[in-house]
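Q: Supplied in structure tokens, the structure appears directly below.
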Amino acid sequence: MSSHSHRIALDLTDRAHDLLLAQARQSGQGMGQIVSSLVEQRLDYDAWFLAEVQKGLDDERAGRLLTAEESEQRSRARIEMIHRHADLQHPEG
């Protein structure tokens, strides 16, 4: 990733500014560092989310779909597996 920085102007509400300032003071980071990190995290998330949506659309077009019943069965099986794993990690008695 590029290490160049680019200056932009932001209009923040008083509340957003106060929260940002408080976080900067608490963390010892500059407000610009915090804003830059938040923007990167959000853009990374948006890119991931859009890619996941595209995967779903591609699956739909290819006919790789589950019925509601199949989805429920998979969910129940996953929940049971989690419970079994939790029981093994924390056996009673």
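Q: Against the longest alpha carbon principal axis of the chain, how many degrees, from 0 to 90 and to the nearest 10, is the axis of helix 31-61 turned?
A: 30 degrees
Q: Further question: Arrange the peptides 24-36, 65-77 so that the one whose residues have, on average, the most other Cβ atoms within 10 Å appears first.
A: Descending mean neighbour count gives 24-36, 65-77.
Q: May I ask for the angle, rounded to the nearest 10°, between helix 14-27 and the longest principal axis of the chain, with both axes built from Cα atoms and the value confined to 0 to 90°?
A: 90 degrees
Q: Okay, helix-only estimate at 222 nm for the chain: each DSSP H run of n ≥ 4 adds -39500 (n - 2.57), divide by all residues, round to 500 deg cm²/dmol; what do you get?
A: Value at 222 nm, helices only, nearest 500: -25000 deg cm²/dmol.
Q: Sticking with this structure for a sec: On a full-extension model of 0.36 nm per residue, what is the gain between residue 42 and residue 60, subtracting their alpha-carbon distance, rounded to one decimal in nm?
A: 3.8 nm
Q: May I pose another question? In a shell of Cβ-Cβ distance under 13 Å around residue 68, excluding residue 68 itself, what net charge do Lys and Arg (+1) and Asp and Glu (-1) give?
A: Result for the local shell: -1.
Only the coordinates and a few stated rules stand behind these numbers; no lab work does. The structure presented is a predicted model; accordingly, all values stated were derived computationally and were not measured. In this analysis, Cβ positions are derived from the backbone assuming ideal geometry, glycine residues included, and neighbour counts consider all displayed protein chains.
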